[in-house]
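Participant: Let me begin by handing over the structure; questions about it come next.
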Amino acid sequence: MPAHAAESSSLVPPMPERNPKALRAAISRHTPQLLPDFDEHWKRAIADAYDIGPLPAFLARWWVEYSIARDPALDAHVKDLHSRAAKTTDYTETKALLEEVSRIRYSARDLEPGQ
């Protein structure tokens with residue numbers, strides 16, 4: 001993750017096992033503000049589905065969402081980047097801000113349980 005994440009508090013909870021049950025439990029415990037959206041997405045995409053084909057994409061999305069939200073400093077940084085990108089009219093600046101968000105999200109995607 002970028003240097004910003006390395007500066008975050010050591011109180012950031014570790015990533016759970018990479019399965020929906022463990023991820024939901026971690027979200028419930030550490031980032032409860034995400035739980036309604038997680039549960040709604042689960043119900044819409046997985047629980048009421050006739051196949052589990054969407055499960056990898058669901059898990060990948062929520063892995064990244066939790067990874068960022070569990071670290072208040074990183075979460076605030078990402079929100080600030082989005083806010084700044086929405087307000088600027090300079091294409092180059094917008095592109096740089098959104099590329100930074102993308103780098104953070106891609107780094108989060110590669111985290112392993114326990115990290």
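The values are calculated or read from the model by the stated rules, or taken from the named source; none is laboratory data. Since the structure is predicted, the reported quantities are computational estimates derived from the model, not experimental observations. Counting neighbours? That spans all protein chains shown, and the Cβs are built from the backbone with ideal geometry, glycine included.
Participant: Would you mind finding the one in Leu59, Leu23 that is in contact with a helix residue (DSSP H, G or I) (Cβ under 9 Å, 6 or more places away or on another chain) and either over 17 Å from Leu111 (Cα atoms) or buried (at least 18 other Cβ atoms within 10 Å of the Cβ) (or both)?
Facilitator: Numbers: Leu59 fails: either over 17 Å from Leu111 (Cα atoms) or buried (at least 18 other Cβ atoms within 10 Å of the Cβ) (or both).
None of the others qualify; the one that does is Leu23.
Participant: Is at least one residue of the stretch 27-38 surrounded by 12 or more Cβ atoms within 10 Å (Cβ to Cβ), of a type in the set (Phe, Trp, Tyr) and either touching a residue at least 12 places away in the same chain (Cβ under 8 Å) or outside any helix (DSSP H, G or I) (or both)?
Facilitator: Of all residues in the stretch 27-38, those surrounded by 12 or more Cβ atoms within 10 Å (Cβ to Cβ) come to 27-31, 34-35, 37-38.
Those still in the list that are of a type in the set (Phe, Trp, Tyr) too: 38.
Cutting the leftovers down to either touching a residue at least 12 places away in the same chain (Cβ under 8 Å) or outside any helix (DSSP H, G or I) (or both) gives us 38.
Yes, because at least one residue in the stretch 27-38 is surrounded by 12 or more Cβ atoms within 10 Å (Cβ to Cβ), of a type in the set (Phe, Trp, Tyr) and either touching a residue at least 12 places away in the same chain (Cβ under 8 Å) or outside any helix (DSSP H, G or I) (or both).
Participant: Still on this structure: Identify all residues within the stretch 36-55 that are at pLDDT 95 or above and out of contact with any helix residue (DSSP H, G or I) (no Cβ under 9 Å at 6 or more places or on another chain); write none if there are none.
Facilitator: Listed by number, the residues that qualify are Pro36, Glu40.
Participant: Tally the residues that are in contact (Cβ under 8 Å) with a residue 12 or more places away in the chain and either on the phi > 0 side of the Ramachandran plot or assigned to a loop (DSSP other than H, G, I, E, B) (or both), restricting the search to the stretch 42-93.
Facilitator: 2
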